[in-house]
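Undergrad: Before anything else, here's the structure in question.
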Amino acid sequence: LPTEPMSGLVAEALAMRDERRALEYRIASAAEQQTAAERARWPVVAVTGGFDYARPNARIFPRAEQWDDSWDVGIAATWSLWDGGRARANADLAASTAVVAEQRLAEFDSMVTLEIRQRTLEIDSGRAAVAASDDTVRAATEARRVVSERYAAGVITQSEVLDADLALLQAELDRTRAMAGVRLAEAQLARALGR
């Protein structure tokens, strides 16, 4: 499975993992909260307007049973000159939240890199174990053949043939375990990559 270089696998994992995207959204959210908190210290200007067409129109005096229109326009400005430091505290809290989220993202990136490196090493060592167990199976098969010939010649007892059979079965079991270990490591790598 790991035919790509390590940097390619890490880049793929970082692009595919939903946990990383969630941390990136938290960082962006904290930055927006900080901007909003800092802007709360500036004046706010609001322009309002309205149009009313009614029968009777409550804005026209004296009231008459006819359709009349009216309109209004307004400008309002507010500026909190002293808020007890609340806006600064909110901005500092949002900045701290962003720093924490960035640190969590860096930690997540390093953990993913470590996990991928560990899984690729497990795959490599598992493949080496499979190759070694293949050699062990071949040796046990050859030993079994030699023991069978010696038994046929009447030189050894049945128990030695059974011991050779047991050694061959154990070698095949070890090879199967090694192959299962490689498959498990490949599945864990695929999970780490977000596939």
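The values are calculated or read from the model by the stated rules, or taken from the named source; none is laboratory data. Just so it is clear, the model here is predicted, and its values are computed rather than measured. We place every Cβ from the backbone using ideal geometry, glycine too, and count neighbours over all the protein chains shown. Areas reflect the complete protein model, heavy atoms only, side chains present, ligands, DNA and RNA absent. Shrake-Rupley method; radii C 1.70, N 1.55, O 1.52, S 1.80 Å.
Undergrad: Taking all protein chains together and a probe of 1.4 Å, list Leu184, Leu193, Leu105 from the most accessible to the least accessible.
TA: Largest to smallest exposure gives the sequence Leu184, Leu105, Leu193.
Undergrad: Roughly how far apart, in whole Å, are the Cα centres of the range 26-60 and the range 63-83?
TA: A separation of 14 Å, based on Cα centres.
Undergrad: Something else: How far apart, in nanometres, would the label points at Arg55 and Asp165 be if each is projected 7 angstrom from Cα along the Cα-to-Cβ direction?
TA: 10.8
Undergrad: Hey, got the dipole for the chain? About the Cα centre, +1 on K and R Cβ, -1 on D and E Cβ, debye to the nearest 20?
TA: With Lys and Arg at +1 and Asp and Glu at -1, about 260 debye.
Undergrad: Next question. At 1.4 Å probe radius, can you tell me the per residue accessible area of the range 58-175 in Å²?
TA: 70
Undergrad: Using 7 Å Cα-to-Cβ label points, what is the Ala180/Trp67 separation (nm, one decimal)?
TA: 8.5
Undergrad: Oh, and also: Of the heavy-atom accessible surface of the chain (probe 1.4 angstrom), what whole percent is carbon and sulfur?
TA: Of the solvent-accessible surface of the chain, carbon and sulfur hold 59 percent.
Undergrad: Separate question: Is it possible to state the helix-based mean residue ellipticity at 222 nm for the chain, with each DSSP H run of 4+ residues giving -39500 (n - 2.57), the sum divided by total residues, to the nearest 500 deg cm²/dmol? What is it?
TA: -25500 deg cm²/dmol
Undergrad: For the range 148-185 and the range 88-128, what is the centre-to-centre distance using only Cα atoms, to the nearest Å?
TA: Taking the Cα centre of the range 88-128 as reference, the centre of the range 148-185 is 46 Å away.
Undergrad: Evaluate the distance, in nm, between pseudo-label points positioned 7 Å from the Cα of Leu121 and of Asp18 along their respective Cα→Cβ axes.
TA: 3.0
Undergrad: Take peptides 114-121, 17-24 and line them up by average Cβ neighbours within 10 Å, highest first, as a rough protection proxy.
TA: 114-121, 17-24
Undergrad: Also, I was wondering about something else. Given 0.36 nm per residue, what is the gain on full extension from Val99 to Tyr25 after removing their alpha carbon distance, in nm?
TA: 25.3 nm
Undergrad: Over all directions, what mean area does the Cα convex hull of the chain project, stated in square nanometres?
TA: Taking the Cα atoms of the chain, their convex hull projects to 24.1 nm² on average.
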